[in-house]
Structure formats: structure tokens, C-alpha cells
Amino acid sequence: MNSKRLKVGIYDPYLCELGGGERYVAIFAETLQDHYDVELMSHDSTSIYEIEKRFTLDLGNVKKRELPPKTGEKRTTNRRGWVRNLLEHRAEDRKDAQFTSEYDLFINLSNSIPNYSFARNSILLLQMPYFDTSDDRLGDRTSLRERVRHRLFGASLTMEEVLKLKCYQKKIANSHFTRKWIHRLWNVDCEVVYTGLDTSLFQPAPKENIILSVGRFQPDLFCKNQHILVEVFKELCEEGLMGWELHMAGGVAEKPGQSEYFLRVKKAAEGYPIIFHPNAAFDELRDLYSRSRMFWHATGLTEDEVKTPWRMEHFGLTTVEAMSAGCVPVVINKGGQPEIVTNETDGFLWNTVDELKSRTMSLAEGTELETKLRLRAMDRSHDFEKSLFQRNIRAIVGSLQHSYEEAFV
């Protein structure tokens, strides 16, 4: 048997964000590095050390490859005709994807139609896709042409997009919420594989009267609505909640709007027991989780889940982190959160601000229910163990071995 190690390329165009998707692909890399030559690729200079530090992972055998800017990002449409434009765009896409031919297995993280892959085998890791609701992609298809196109190719896919998707033998979604929308938008089915957490890193300590919120401070597509949570906590204080603190931890990037949003939220909290932890280190986060009694999550509160599903929390690993440390989750009943929390069993799901306030006040009284929910939340967190995620990764990669000359270990 040939002992040559197979080459695996993992591509993440958003690597510098170091968010949930980046953690997902980093665990893929960590899991495969002992048996394969693994390269983690992006178009930025984010280092392996930065990834290891951010996610508490060991990527000692993973190499980083920085790719040049994509040709398609500089694309312009000329007036010489749509056929010529189509051919030129296809040539640009294929040029951008040429590097994938160097790999036995290419793994691509995406929230849109991916580019071509020329690897022997390819896996597509899908996050919640974006789409423009103005083109009525999900509207009624009254014409025969539209009904046939939807039946054959997907909700709004061109032939080119269909060909790109067919390059990937495995398509994986990070939650059932994401899977539902990918199928609805693209008529493509995916396997759901939840990300994983090393729950041993999160242990409860003696609990204090702390409500914790964890999420990046940003006012755009993925707003965690910290400004709303601050107002809710202020209202609770005015209505009689005493002896409690709200702690808000999350990244504040040097990007337009993010620092301004953080300062706006912080300004609104003045005069109340609200403490901020911008860009908190992992050990500080663990300490906050361990001491907090409740965990709040409000992503998507002001959004319509049908019109703007990408503004929901696609899964929500911070909720799992909180549960593993014995925080009772009080989280919004949208996006991927209901896949983690079962209402009144291992936490609370809420639909309105009034429900959030009433659930919070009932837990603040320190009843026997809080103790039961805390213990069940800790038990539930084990369903998302990192070891289970890694087992799924090995099974997925192993299922592709029949097309390799060398079997995967």
C-alpha cells in the first residue's frame, strides 16, 4: 500500500473574522492533521497562532496558505453581449479555482454558491446563505419556465451555479435551520453536522447574580442586539430587579461601525450595573460563564425570519458554552437556538421582550426550577461535545475513501 499522505485543503474566505464558521473549519483541520497534510487557506494573513489562541486548539501540524485576491472580485460587465460576459466570467471563476486541483480533498466554507472545485473530492460546508429578497426568489412561480427551472435546478440557480454545486460530493449544513433555507433557496439537500465544544473547559463555580451576554458588537448583518438587551435590563431594574449585574462580552473589531456601536451601547448603560468585556480573553470568558446564573441571547429579535433568515443565529455555540458552565439559557425562539434549548426543560425560549423579562424575573427569585434547569442544561451541552463532532468529521471524510487510490486512515 502506498504510504503517501493525502493532501487536504480547507478554504475559508472569512478567516480573519475568527467567528463560529472559522471555529468549525479549524476543528476540521485539527481533526485531520495527524493523518493528512492539511493546509488552511484564506485571502488574508491570519496566522495559525491567532486561530489556536482564539479557539484553544492545537494546529501544530497545519500549514497556512495565503491566496491572492480573487479575480471575480474585480469583475466588470461590458456591453459586448451576455454570452461573451458569461464566458469571460466562467473563465475567471475557473482561474480562481485552479488551486483546488492540488488537493486530494478540498473543503470549502461558504454562505453563497461556491466556486468550482477541481480536487479529487470536495466537501462544501454551508452557513446560512444570503439572498436579495427584492428578486422574489421565494415567490410564486406561475410560468411553466420557472416551475421547470425550479424543479430541475433549484429555487433560483443558473446552470453555472448548478455545475459549481455538483463539484462537491458532500454538502454539510451547520444546523437544521440552515439546511431548511438551503433547500428552500437552492433545492439542495445537506447533511446536518453540529459544531462541537470541549465541555471540560467550562465548569460552574459558585454562582453570582449575573446575567451574561456573549457576542460580537456589530450593528450590521449579524447584530446581536446588545443595545436592546441593555434597555431590557434597565427596565427590569426600574421594575424592581435588585442586586443583579448584566455582563456583556464580545469582540470589537477595528471596522467601520463596530467601535461606534460598542460605544453607543456602553453610553446607554451608564448609571446601571452593566459591565462590558470587549475582546475578552478566553480565560476571562470562562470565568464569566462559570459565575453567571443566566445567559441572554437576542439575535434576530427585530427581524422577520422569513424575509431575512441570515440575520438569525444560524446555530449559536455561545449558548452551548453557557449551558456547559451551568448558566440557564434564556434565549430567543428563532434561528438555530430552538435546536439547542428545549423550552422549560433545559432553559427558556422567548418570543417577545415581555417574555424575556418575565422569564428572567422568575429565575431571579432563585426557585427550585432554576436548579433543575441548570442541571439539565449542563446535561444537554454534552450532546454537542467536540469528540462527537470529530467523529462525524472522520466519518464524512472516510465515506469518500472509495474514490481515492490510497484509503483514508
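Please treat every number below as a calculation from the coordinates, not as lab data. Predicted model only: the values in this text are computed from it and were never measured. Virtual Cβ from ideal backbone geometry, glycine too; neighbours counted across all protein chains shown.
General remarks:
- At R0 = 22 Å, FRET efficiency that the Cβ-Cβ distance of residue 176 and residue 306 yields, to 0.05: 0.85
- Burial ordering of 400, 32, fewest other beta-carbon atoms within 10 Å first: 400, 32
- Listed peptides 256-262, 169-175 by packing density, highest first (mean Cβ within 10 Å): 169-175, 256-262
- GNM on the chain, alpha-carbon springs under 10 angstrom: the most fluctuating residue among 238, 66, 344 is 238.
- Gained length - residue 387 relative to residue 208, 0.36 nm times residue gap less alpha-carbon distance: 61.4 nm
- The slack in the chain from residue 200 to residue 342, taken as 0.36 nm per residue of separation less the alpha-carbon distance, amounts to 48.9 nm.
- Ranked 16, 167, criterion: other C-beta atoms within 10 Å, fewest first: 16, 167
- The chain: C-alpha gyration tensor shape, a/c 1.5 cut-off, then a/b vs b/c: prolate
- Coupling constants for the stretch 381-387 follow from the phi torsions by the Karplus curve (6.51 cos²θ - 1.76 cosθ + 1.60, θ = phi - 60°), and in residue order they are 4, 5, 6, 10, 5, 4, 4 Hz; glycine and proline get x.
- Net dipole in debye of the stretch 199-384 [+1 Lys, Arg Cβ; -1 Asp, Glu Cβ; about Cα centre; nearest 20]: 240
- Restricting attention to the stretch 199-384, lysine pairs at least eight places apart or on different chains and with alpha-carbon atoms under 16 angstrom apart total 7.
- Fraction of antiparallel bridges per DSSP, the chain only, in percent to nearest 5: 0
- Filtered trypsin sites (Lys or Arg not before Pro), the stretch 289-380: DSSP coil and at most 11 other beta carbons within 10 Å: 307
- Computed from the C-beta positions of residue 279 and residue 4, the FRET efficiency with R₀ = 56 Å rounds to 0.85.
- Global geometry of the stretch 199-384, whether rounded, prolate or oblate, following the gyration tensor of its Cα atoms and the 1.5 cut on a/c: rounded
- Estimated from the Cβ-Cβ distance and a Förster radius of 25 angstrom, the FRET efficiency linking residue 70 and residue 162 is about 0.75.
- For the chain, built as a Gaussian network whose Cα springs stay under 10 Å, the top-fluctuating residue of 369, 15, 40: 369
- The chain - mean residue ellipticity at 222 nm from DSSP helices (-39,500 (n - 2.57) per run, n ≥ 4, rounded to 500): -11000 deg cm²/dmol
- Taking the average, over residues, of other Cβ atoms within 10 Å as the packing measure, peptides 96-105, 177-186 rank 177-186, 96-105 from highest down.
- Derived scalar couplings between HN and Hα for the stretch 245-258 equal 10, 9, 10, 10, 10, x, x, 10, 8, 7, 10, x, x, 6 Hz in order, rounded to whole Hz, by the Karplus curve 6.51 cos²θ - 1.76 cosθ + 1.60 (θ = phi - 60°), x for Gly and Pro.
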